[in-house]
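The values are calculated or read from the model by the stated rules, or taken from the named source; none is laboratory data. Note that this is a predicted model, so its numbers are computed, not measured. We place every Cβ from the backbone using ideal geometry, glycine too, and count neighbours over all the protein chains shown. Quick note on the areas: whole protein, heavy atoms, side chains included, nothing else; ligands and nucleic acids left out. Shrake-Rupley method; radii C 1.70, N 1.55, O 1.52, S 1.80 Å.
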Amino acid sequence: MENCIFCKIVKGEMPAFKVVEGPHSIAFLDIFPVSKGHVLVIPKRHVKQLLELSEEELLEIGKIAQKIGKAVLAGLNCDGFSLVQRNGVAAGQIVPHVHFHVVPRFKGDSLSVWPSGPKAEQGELESVLLALKKFV
Ligand code: 5GP
Ligand code: ZN
């Protein structure tokens, strides 16, 4: 993809602070970090969303995300980390090249991903379960 900033990073046409690289993916520092040590893990292949990733890519990205999680806990002394991945504009995805955010978390950092909702009605849970089970 010609105008994709993440493809440019993969090709070395744009600079990035690369943390680790595998055959199918790379991890690099987010230049607008929501917390110190915010890392993005992406496939080298240009795909927009999670559903387009191959099993091989998913597996490697999962392993790298885990490795980054370990590294931020050990290297940055954070108290935890969040793994966030957005699909589509409605979910807040801005860069249309699939990416996983590893966000170091610090006690009291008040970085809430979303507010907790009200308790669901039994009937709603049942109908949602039925709707999902048809497709898994
Ligand atoms: P999204 O909102 O699409 O889930 O996340 C896109 C992420 O890419 C944001 O966290 C943003 O800070 C990061 N980002 C945008 N442009 C660049 C860039 O040129 N270099 C790097 N390293 N990160 C970027
Ligand atoms: Zn791309």
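Going residue by residue through the stretch 60-81, is there one that turns out to be within 20 Å of residue 16 (Cα to Cα), within 16 Å of ligand 2 (Cβ to nearest atom), touching a residue at least 12 places away in the same chain (Cβ under 8 Å) and in contact with a helix residue (DSSP H, G or I) (Cβ under 6 Å, 6 or more places away or on another chain)?
no
Go through the stretch 69-91 and give me each residue that's within 16 Å of ligand 1 (Cβ to nearest atom), over 19 Å from residue 58 (Cβ atoms) and surrounded by fewer than 11 Cβ atoms within 10 Å (Cβ to Cβ).
Those that are within 16 Å of ligand 1 (Cβ to nearest atom), over 19 Å from residue 58 (Cβ atoms) and surrounded by fewer than 11 Cβ atoms within 10 Å (Cβ to Cβ): 89, 90.
Condition first: open to solvent by less than 90 Å² (accessible area, probe 1.4 Å) and in contact with a His (Cβ under 8 Å, 6 or more places away or on another chain). Now tell me which residues in the stretch 44-53 satisfy that.
44, 46, 47
Could you look through the stretch 81-114, keep only residues that are assigned to a loop (DSSP other than H, G, I, E, B), over 24 Å from residue 45 (Cβ atoms) and of a type in the set (Gly, Ala, Ser), and pick out the one that is nearest to the chain's Cα centre (by Cα)?
It comes out as 112.
Answer with yes or no whether residue 97 is under 19 Å from residue 10 (Cβ atoms), within 16 Å of ligand 1 (Cβ to nearest atom) and touching a helix residue (DSSP H, G or I) at 6+ places or on another chain (Cβ under 8 Å).
Yes, satisfied.
Tally up the residues in the stretch 1-20 that are open to solvent by less than 80 Å² (accessible area, probe 1.4 Å) and touching a residue at least 60 places away in the same chain (Cβ under 8 Å), please.
4
With the condition kept exactly as written, say whether any residue in the stretch 25-43 is within 16 Å of ligand 2 (Cβ to nearest atom), surrounded by 18 or more Cβ atoms within 10 Å (Cβ to Cβ) and more than 14 Å from residue 98 (Cβ to Cβ).
There is at least one residue in the stretch 25-43 that is within 16 Å of ligand 2 (Cβ to nearest atom), surrounded by 18 or more Cβ atoms within 10 Å (Cβ to Cβ) and more than 14 Å from residue 98 (Cβ to Cβ).
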